[in-house]
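Each remark here refers to the structure printed beneath this line.
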Amino acid sequence: MITENISTPVISHKKKLSLTINGEVKTLEVKPWVSLLDCLREHLDLTGTKKGCDHGQCGACTVIVDGKRILSCLTLAVMKDGASITTIEGIGKDGELHPLQKAFIDHDAFQCGYCTPGQICSAIGMIAEGKAKTRTEVKELMSGNLCRCGANTNIIDAIMEVQEGLTNE
Amino acid sequence: MRPFKFTNTSNASSAINLLIKNPNAKFLAGGTNLLDLMKEDVERPDELIDLGRLDLTAVRPLVTGNNVVGISIGGLGKNTDAANHPLIRKDYPLLTKAILAGASAQIRNMATNGGNLLQRTRCSYFYDIAMPCNKRLPGTGCSAMQGINRMHAIFGWSDSCIAVYPSDMAVALSALNASVKVMQPSGTARIIAIHDFHRLPGNHPEKDNNLDHGELITAIEIPKNKFAANSAYIKVRDRNSYAFALVSVAAGLELAGGKIISASIAMGGVAHKPWRATHAENILRGKMATVENFQMAADAEMEDARPLAHNKFKIGMGKKTIVYALEQAFKGTGYKA
Ligand SMILES: Cc1cc2nc3c(=O)[nH]c(=O)nc-3n(C[C@H](O)[C@H](O)[C@H](O)COP(=O)(O)OP(=O)(O)OC[C@H]3O[C@@H](n4cnc5c(N)ncnc54)[C@H](O)[C@@H]3O)c2cc1C
Ligand code: SF4
Ligand code: FES
Ligand code: FES
């Protein structure tokens with residue numbers, strides 16, 4: 001319950017934490033209220049992950065934490081001490097684009113590109129979950145990523161291609 | 001966000017002890033509701049006790065003596081893991097459907113089962129700290145009463161508050177007669193029936209539920225049911241996915257041939273708690289599972305509805321959603337015992 005008597009702010013010390021980001025261990029100190037999103041963008045200069053709404057409503061900030069896609073805007077960095085985080089910067093290997101990055105280009109799956117890092121990280125998470133078998137299911141399980149430019153049809157096309165590619169292997 | 005102290009522990013009793021020491025402290029689970037509300041300045045805790053490392057995530061059979069009597073899902077387990085657990089997919093498909101109808105895949109990977117039960121209303125005036133709101137600041141008035149109340153309640157509201165409770169999972173848990181297991185500061189367990197867990201607003205809309213400060217949700221317990229083969233969760237919303245319910249219905253039918261032995265029906269998006277459709281259930285008991293009977297039951301349930309200026313549509317929508325959910329339940333889930 002909220003009352004107008006706001007208690008005196010606690011002087012909070014920075015917390016030390018260790019994160020494995022795109023395979024590299026980083027130790028850093030952040031204040032407890034820094035979101036994982038701000039930690040990546042402002043403290044680690046990884047600006048590939050985007051801030052759309054900052055309230056869990058758009059998916060632009062999607063990253064992969066310990067193998068699961070999550071929203072970095074509604075996560076505090078301090079909650080993830082010890083975790084392994086993959087961002088859009090870490091998905092290509094040896095100078096090669098990730099198959100989804102390639103498919104997004106081939107299918108013209110973006111206009112402004114602002115939602116794209118989140119779309120791709122989310123799609124990587126979705127494919128790993130292995131629950132979507134049909135186009136309708138892909139659409140449903142990708143509904144947490146909005147695209148203001150309306151590139152959705154091409155985004156789903158790109159994902160379908162890569163997902164089929166994986167099952168054919 | 002206002003500054004706060006961050007504490008973590010991997011022990012349930014020490015988490016509770018930390019919380020009771022500070023009336024302005026809050027537990028932090030997935031953070032998907034609490035951190036959002038803190039960014040909006042609606043919630044203002046000065047200390048967060050992170051529950052993310054508590055070992056309370058398991059889904060396991062609920063056993064009394066040698067008998068399996070139901071299932072228990074951990075309070076700190078993730079919504080995704082509950083929805084996809086093989087035992088839940090098999091014997092409680094209604095719960096799987098309801099959880100997967102909520103939020104997005106990313107949010108379900110973060111959201112916990114306990115946190116889901118405690119999520120707060122999405123009333124836009126509650127979120128807007130410039131507006132009066134009895135739930136946020138008791139005694140200031142209810143902005144929604146004379147405002148845009150399209151999303152608001154048609155059952156059980158009071159002059160103090162007309163908000164609806166937004167969880168999909170809890171609607172299924174209501175139809176499934178679940179209970180919430182909490183650990184009290186004394187260390188003893190308390191079991192609260194889901195129907196007694198959430199509250200109607202009455203004169204105290206600031207209280208969403210009957211959990212006390214210092215009580216920790218350790219598990220949700222669901223008894224066995226006889227309608228796994230004939231259940232459905234139907235959610236109607238403004239867009240196809242990733243939106244809160246205008247109206248939702250969880251329905252289960254225990255059948256003998258074409259006859260209904262008993263019906264279990266709960267509604268979401270219509271009240272300050274999951275709304276158990278007891279009128280409809282009473283009418284259906286012993287009747288044949290026909291569309292006419294489904295309609296009669298839905299009409300009876302909606303008789304008591306008290307709509308507001310902008311949500312009269314929820315009456316017709318509620319009727320149709322009840323009928324459709326019962327039809328889908330009757331068609332069957334393809335369950336094999
Ligand atoms: C954009 C968006 C869309 C959404 N759409 C839907 C939807 O369609 N349907 C739906 O049902 N939900 C929806 N949600 C809500 C989401 O399901 C909840 O935010 C989530 O379930 C809350 O769980 P959490 O673990 O993140 O809780 P937190 O935010 O961590 O905590 C919520 C509250 O519960 C308390 N708490 C948490 N765990 C415990 C415990 N074990 N014991 C005691 N207290 C505890 C915390 O102190 C806090 O007050 C949506 C959320 C967002 C952001
Ligand atoms: S409906 Fe309830 S939550 Fe919304 S403004 Fe009124 S008192 Fe606040
Ligand atoms: S920035 Fe996180 S969901 Fe929009
Ligand atoms: S490409 Fe512009 S928002 Fe998706």
Cβ pairs under 9 Å, 6+ apart or interchain, first in the range A:108-124 and on the phi > 0 side of the Ramachandran plot, second among the polar types (S, T, N, Q) and away from ligand 1 (no atom under 16 Å from the Cβ), ordered by first then second residue, are A:Asp108/A:Asn154
Could you count how many residues in the range B:123-133 are more than 11 Å from chain A (Cβ to nearest Cβ) and within 9 Å of ligand 2 (Cβ to nearest atom)?
-> 6
Do any strands (runs of 3 or more DSSP E) lying entirely in the range B:1-118 carry at least 2 residues that are within 14 Å of chain A (Cβ to nearest Cβ), and which ones are they?
-> B:5-8, B:25-28, B:47-50
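So that you can scan it fast, the table gives a plain yes or no per residue for (1) within 16 Å of ligand 4 (Cβ to nearest atom); (2) without any contact (Cβ under 8 Å) to a residue 24 or more places away in the chain:
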{"site": "A:Ile21", "(1), (2)": "no, no"}
{"site": "A:Leu44", "(1), (2)": "no, yes"}
{"site": "A:Gly59", "(1), (2)": "yes, no"}
{"site": "A:Lys102", "(1), (2)": "no, yes"}
{"site": "A:Ile105", "(1), (2)": "yes, yes"}
Of all the residues that make up the range A:111-142, how many are buried (at least 19 other Cβ atoms within 10 Å of the Cβ), under 21 Å from A:Gly56 (Cβ atoms) and touching a Lys or Arg at 6+ places or on another chain (Cβ under 9 Å)?
-> 11
For the range B:249-306, which residues satisfy the criterion of being β-branched (Val, Ile, Thr), over 20 Å from B:Ile222 (Cα atoms) and either surrounded by 20 or more Cβ atoms within 10 Å (Cβ to Cβ) or under 22 Å from the mean Cα position of the chain (by Cα) (or both)?
-> B:Ile260, B:Val270, B:Ile283
Which of the residues spanning the range A:26-48 are within 13 Å of another protein chain (Cβ to nearest Cβ), away from ligand 1 (no atom under 16 Å from the Cβ) and under 13 Å from the mean Cα position of the chain (by Cα)?
-> A:Asp38
Return yes or no: is A:Lys102 in contact with a strand residue (DSSP E or B) (Cβ under 9 Å, 6 or more places away or on another chain) and more than 25 Å from B:Asn33 (Cβ to Cβ)?
-> yes
B:Asn8 meets each of (1) at pLDDT below 95; (2) surrounded by fewer than 17 Cβ atoms within 10 Å (Cβ to Cβ) with one exception, condition (2)
When residues of the range B:44-70 are filtered for being touching a residue at least 40 places away in the same chain (Cβ under 8 Å) and within 19 Å of B:Leu216 (Cα to Cα), how many remain?
-> 12
Restricting attention to the range A:127-139, does a residue exist that is away from ligand 4 (no atom under 15 Å from the Cβ), out of contact with any helix residue (DSSP H, G or I) (no Cβ under 7 Å at 6 or more places or on another chain) and of a type in the set (Asp, Glu)?
-> yes
Within the group B:Val164, B:Val171, B:Val180, which residue is within 16 Å of ligand 1 (Cβ to nearest atom), assigned to a strand (DSSP E or B), more than 14 Å from chain A (Cβ to nearest Cβ) and crowded, with 24+ Cβ neighbours inside 10 Å?
-> B:Val180
Number of the condition not met by B:Ala256 [criteria: (1) out of contact with any Phe, Trp or Tyr (no Cβ under 7 Å at 6 or more places or on another chain); (2) touching a residue at least 60 places away in the same chain (Cβ under 8 Å)] = (2)
From the options A:Ile88, A:Ile64, A:Ile105, residue that is modelled with pLDDT of 95 or more and within 14 Å of chain B (Cβ to nearest Cβ) | A:Ile64
Within the group A:Asp108, A:Asp157, which residue is over 23 Å from A:Gln57 (Cβ atoms), loosely packed, with under 14 Cβ neighbours inside 10 Å and among the charged types (D, E, K, R)?
-> A:Asp108
What do you reckon, is B:Lys314 surrounded by fewer than 21 Cβ atoms within 10 Å (Cβ to Cβ) and touching a residue at least 12 places away in the same chain (Cβ under 8 Å)?
-> no
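The values are calculated or read from the model by the stated rules, or taken from the named source; none is laboratory data. It should be emphasised that the depicted structure is a prediction, and the values quoted were computed from it without experimental measurement. For neighbour counting, all protein chains shown are included, and Cβ atoms are generated from backbone atoms with ideal geometry for every residue, glycine included.
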